[in-house]
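The values are calculated or read from the model by the stated rules, or taken from the named source; none is laboratory data. Here the structure is a predicted model, which is why all the values come from computation and not from measurement. Note that we place each Cβ from the backbone using ideal geometry, even for glycine, and neighbour counts take in every protein chain shown. SASA here: full protein model, heavy atoms, side chains in, ligands and nucleic acids out. Shrake-Rupley method; radii C 1.70, N 1.55, O 1.52, S 1.80 Å.
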Amino acid sequence: MREIRKTFAGIEVLKGVDFTVRAGEVHALCGENGAGKSTLMNILAGVHRPDAGEIVLGGRTHAGFASAHAAQHAGVGIVFQERSLFGPLTVAENIFAGRQPVTRWGMVVRRQLHASAAAVLARVAPDISTEATVADLSPAQQQMVEIAKALSLDAKVMIFDEPTAALTDAETRRLFAVIRQLQSQGTGVVYISHRLEEVFGIADRVTVLKDGAWQGTMPVAETTADDLIRLMVGRDVEKFHYGASEAVQPVLLDVRGLSDPTDTGGGKPMLQDISFHARAGEIVGLAGLAGAGRTETALTLFGARPQGAGEIRLGGNRVSIRSPADAIDAGLGYVSEDRKESGLFLDMSVRRNISAARLAKFGGWFFRDTEESGAARDFVAKLRIACRGVEQDTAHLSGGNQQKVLLARWLLANPRVLIVDEPTRGVDVGAKAEVHQLLRAYARQGHAVVVISSDLPEVLRISDRIYVMRAGRIAGEVSGDGANEETVMRLAARDGKN
Amino acid sequence: MEPQLRRRFVPTREIGVFLLLVLILVVFRVLFPVSWERFATFDNFASVVRNMAFECILALGMMLMLIGGTFDLSVGATASMVGVVTGWLMKHAGWPVPAAIAGGLALAALSGFANGVVVAKVRVNALITTLGTMGIFSGIALLVGGPGITFLPPSFTQLGQTQFLGLQAPVWLVIFLGAVGHYGFAHTRFFRQFYYIGSNAKAAHLSGINVERLQIIAFTLVGLFAGLAGIVYASRVATASSTVGMGKELGAITACILGGASLQGGRGTAWGALLGVLFVAVIQNMLLIKQVRPEWQGIILGLVLVFAVAIDSVLNRKQQR
């Protein structure tokens, strides 16, 4: 790709970027959110057309692909960061969407469809049935289907855009094996990730983008994580590590024996006997593999899932929570894991997104809009949310800024206990550090913060104590020097499921 | 803050439709100066808005539904049923007029409530639910009233025929409801919650908004508005017809979409709903004055709807780029 330029809504997103992938190479693409990585790859995959520049693929020069279909035809496969699956259809139908094997009469040959799908799936996720409905799969499994779909194209260049955000370590390892296999077949692989460990684990070369401009390309062997971060953010990022708080603070959240109702009408109960607590001023991590029940625990506490046995105490008082509204009244907050699906109001303004959980603050029958925008503007400034103003819709903000808007909603609601589910999924390194600082500052004000994250280094870095969940139970607690990746993983996967 | 400077003028659908309406008036005036003489009179205007009252009340209720991301197909049938039942109560059951009206409105609210419970609690799709109740309510209207109940008591018909400043009471009622609705939609926390629900119901629920309860309230309010429309209409024409609301639910949805609502929810204003009704009514009136055959009305209005929404969606897409 040479001299690629692209402008959206008057903003230059790519300022003449060069990018090459050799056959049989894994080339990582790094940069903060909004740096232009996804846009560059969308141009390569034919989703967008460049304003200027050209793409040379296997000796042929293109001025940009007219459509995703044209790019596919030329040999570009992409695994999107955002899932592009059809929920109600089966896995096999998704993998071969638009390319089902058909008879002369246009009828789909089901047997052949499922056989081909199974062959592709076997490479990445043999445990997923080709007959399963995609909507019933977990996010991680859906991601694997997405990957299988791209693999089935047999592309010359494969793009992976943040493929591991939803994956567990085991799945990530399987994905890496697939990537190495592609590599040995001579496929050029582009790998976009915020996780630098992965870049060092899989890539041969790395290119850094910042604000739409090329910063440098180098062999991975000749660089370090700190160098990359410096190129990405243009400044040194402090490392944070917090020990346990010295003075013993009162317990704000105390959960005892929380379980799912025994009669769930078919499905088997997932959560069993969950007990944990969080003190004022403390960040408590909730770690575990995908499917261990971390999010379910949060949703149950927050009244968004039915609760069976067990009790919840907030600030010493037993509370009965039957809906998120009850939970908010009791002093709980929950930043949901999937900001687009269940967090943000994408077609609404930054202002209205920030006020959503605390509308009563601004009046009932006489709503004070000016006060509301004032509060929103304060948060935009304080959290350094990059937007054109509080009236801009949140749909077109970058992932990091969307996450900050969501966080601002809950900082405004000011709950005593804030549960944050995947605080930095798909967020760049700079914004990640900012989010961590914000959570720490919130805890320091005398609140308790519970962090759920699949990003283990993150949990280890920001938590004072960590509870590890496994198969719907609390498997153990680690803190201080005893908390490292090994101890957590051992608790998370003790029964050898991993 | 400086980012405010970069805000461009964003034409809303409401303003677009308003300008389109003005344009149509100008074109009509230039092309047909003779017809214009008959069109642009106060009497004609008063009769247009008088005939609009029924649609306006339905559209205001429908707008609330659409903002919350759902819709109600039973409003026309509710209007018919409530009008007929109210008439039956005062004429055949011997209820005093105020009691009959109260009874009718109670029935209206109850029907809406029933829709709401089935949709929000039992979780039957709103299209299916209200399609079903549409059939039920129009059946009840026919059972109770036959083709209709005529010669309603004068103390009832006076209500709808009283004039003030040259406009009939129903028109003033619409102005009042429109003003209250406009303030309510824009400036109260209660109605603000429907925009959140329409935009992302899951996120609204997780932000502490009681989605189920508000949906039931919305359906109840819409039913109430539909009943009110039926009673007002019966009062004005002194007859409770069993089929007055037939097809009016689609007219109300059309008006709301023209006036800025979206089937995806989260968008819409009260004045947009009224503007949508006015737009349709003015075009119908022009066709009437030009003595265009009624068969053409549906064709022309259909074209206008698709055209207006298509332009809007094209402009919107341009803007996002």
Of residues in region A:89-127 being at pLDDT 80 or above and not in a helix (DSSP H, G or I), the one surrounded by the fewest Cβ atoms within 10 Å (Cβ to Cβ): A:Leu89
Number of the exception - B:Leu275 against (1) over 20 Å from A:Met348 (Cβ atoms); (2) free of Cβ contacts under 8 Å to residues at least 60 places away in the same chain: (2)
Identity of the residue in region A:128-141, in a loop (DSSP other than H, G, I, E, B) and under 16 Å from A:Glu341 (Cβ atoms), that ends up modelled with the lowest pLDDT: A:Ser138
Qualifying residue in region B:253-264 (condition: within 11 Å of another protein chain (Cβ to nearest Cβ), open to solvent by less than 30 Å² (accessible area, probe 1.4 Å) and under 28 Å from A:Leu359 (Cβ atoms)): yes
Count of region A:336-356 residues which are buried (at least 24 other Cβ atoms within 10 Å of the Cβ), at the interface with chain B (Cβ under 9 Å from one of its Cβ atoms) and of a type in the set (A, V, I, L, M): 2
Qualifying strands (runs of 3 or more DSSP E) (wholly inside region A:433-483; at least 1 residues being closer than 23 Å to A:Asp338 by Cβ): A:448-452, A:465-470
Filter result for A:Arg294 (away from chain B (no Cβ under 12 Å), under 17 Å from the mean Cα position of the chain (by Cα) and within 26 Å of A:Asp455 (Cβ to Cβ)): yes
Qualifying residue in region B:93-100 (condition: under 23 Å from B:Leu263 (Cβ atoms) and open to solvent by less than 20 Å² (accessible area, probe 1.4 Å)): no
Helices (runs of 4 or more DSSP H) enclosed by region B:106-225 - at least 2 residues per element that are of a type in the set (A, V, I, L, M, F, W, C) and in contact (Cβ under 8 Å) with a residue 24 or more places away in the chain: B:126-145, B:154-161, B:169-187, B:189-199
Region A:178-201 - residue that is of a type in the set (A, V, I, L, M) and farther than 25 Å from A:Ala287 by Cα and, of those, farthest from the chain's Cα centre (by Cα): A:Leu182
First in region A:394-415 and within 10 Å of another protein chain (Cβ to nearest Cβ) and assigned to a helix (DSSP H, G or I), second anywhere and open to solvent by less than 20 Å² (accessible area, probe 1.4 Å) and among the aromatic types (Phe, Trp, Tyr), Cβ under 8 Å, 6 or more apart: A:Trp410/A:Tyr334
Hits in region A:364-377 - residues which are within 11 Å of another protein chain (Cβ to nearest Cβ) and over 12 Å from A:Ile354 (Cβ atoms): A:Gly364, A:Trp365, A:Phe366, A:Phe367, A:Arg368, A:Asp369
From B:Thr150, B:Thr162, residue being in contact with a Gly (Cβ under 9 Å, 6 or more places away or on another chain) and over 20 Å from B:Glu249 (Cα atoms): B:Thr150
Some residue of region A:304-321 being within 11 Å of chain B (Cβ to nearest Cβ), of a type outside the set (Val, Ile, Thr) and surrounded by 19 or more Cβ atoms within 10 Å (Cβ to Cβ): yes
Failed criterion for B:Ala126 (all others in (1) farther than 16 Å from B:Thr70 by Cβ; (2) open to solvent by less than 20 Å² (accessible area, probe 1.4 Å); (3) modelled with pLDDT of 90 or more hold): (1)
Residue within region B:157-168 that is within 14 Å of another protein chain (Cβ to nearest Cβ) and touching a Ser or Thr at 6+ places or on another chain (Cβ under 8 Å) present: no
Flag if B:Val174 is surrounded by 23 or more Cβ atoms within 10 Å (Cβ to Cβ) and either under 30 Å from B:Gln158 (Cα atoms) or modelled with pLDDT under 95 (or both): yes
From A:Val380, A:Val427, residue being crowded, with 22+ Cβ neighbours inside 10 Å, β-branched (Val, Ile, Thr) and modelled with pLDDT of 85 or more: A:Val380
Of all residues in region B:194-219 being among the polar types (S, T, N, Q) and at the interface with chain A (Cβ under 7 Å from one of its Cβ atoms), the one that is nearest to B:Gly260 (Cα to Cα): B:Ser199
Residue in region B:291-301 that is without any contact (Cβ under 8 Å) to a residue 60 or more places away in the chain, over 29 Å from B:Pro147 (Cα atoms), more than 14 Å from chain A (Cβ to nearest Cβ) and not in a loop (DSSP other than H, G, I, E, B) present: yes
Test: A:Phe86 is in a strand (DSSP E or B) and either open to solvent by less than 60 Å² (accessible area, probe 1.4 Å) or touching an Asp or Glu at 6+ places or on another chain (Cβ under 8 Å) (or both): no
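Each row is one residue, and each column tells you yes or no for (1) free of Cβ contacts under 8 Å to residues at least 24 places away in the same chain; (2) crowded, with 23+ Cβ neighbours inside 10 Å; (3) at positive phi; (4) part of a helix (DSSP H, G or I).
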site: A:Gln143; (1), (2), (3), (4): no, yes, no, yes
site: A:Met158; (1), (2), (3), (4): no, yes, no, no
site: A:Leu167; (1), (2), (3), (4): no, no, no, no
site: A:Arg173; (1), (2), (3), (4): yes, no, no, yes
Qualifying residue in region A:378-392 (condition: hydrophobic (A, V, I, L, M, F, W, C), more than 10 Å from chain B (Cβ to nearest Cβ) and in contact with a Lys or Arg (Cβ under 7 Å, 6 or more places away or on another chain)): yes
Selection within region A:399-435 - of a type outside the set (Gly, Ala, Ser) and within 15 Å of A:Arg195 (Cβ to Cβ): A:Glu422, A:Pro423, A:Thr424, A:Arg425, A:Val427, A:Asp428, A:Val429, A:Lys432
